[in-house]
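First comes the structure, then the notes that go with it.
The values are calculated or read from the model by the stated rules, or taken from the named source; none is laboratory data. What you see is a predicted model, and the numbers here were worked out from it, not measured in a lab. Reconstructed Cβ throughout: ideal geometry from the backbone, glycine too, with neighbour counts over all protein chains shown.
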Amino acid sequence: MFSDIGAFELVALVILGVLVFGPDKLPKVIQDISRFVRKVRAFSDSAKEDIRNELGPEFKDFEFEDLNPRTFVRKNLLDDGDDLGLKEIRSGFDLKEETASVTDAVNGRSRSSGSAPSLRKQDPVRPDERPPFDPDAT
């Protein structure tokens with residue numbers, strides 16, 4: 001119930017309760033609040049049970065927590081069960097290999113010559129000569 005409330009916030013609520021209601025009325029207020037929370041829980045449980053009875057046996061495994069969008073996404077989209085065979089498709093498609101082959105085709109290189117650039121030493125450029133163009137350096 002208090003999963004979202006930290007220790008500091010809980011202490012602040014207790015101090016605020018003592019200041020607002022006073023130490024003599026605080027136990028009565030806590031009893032009233034706890035009684036109210038129990039009634040609300042009982043009401044919501046009976047409402048859930050009525051809805052389950054009205055839906056019938058087709059929805060016997062229906063859970064109200066599944067209506068929460070986070071739970072729905074986690075259960076249906078991020079589930080490890082691979083009903084569509086997406087893992088097989090992903091494993092059959094190698095992005096690096098496809099990108100390298102497309103890049104080599106665009107640059108006019110054959111795939112068998114290797115994808116590493118030539119590392120041979122080039123002669124220095126003369127002052128009146130234009131330096132070679134390097135697309136990776138731009």
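The figures follow:
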| read-out | value |
| --- | --- |
| The stretch 53-74, subset at pLDDT below 85 and of a type in the set (D, E, K, R), residue farthest from G17 (Cα to Cα) | E58 |
| Filter pass, T103 being surrounded by 10 or more Cβ atoms within 10 Å (Cβ to Cβ), hydroxyl-bearing (S, T, Y) and within 30 Å of P135 (Cα to Cα) | yes |
| Hey, D24 in a loop (DSSP other than H, G, I, E, B) and loosely packed, with under 10 Cβ neighbours inside 10 Å or not | no |
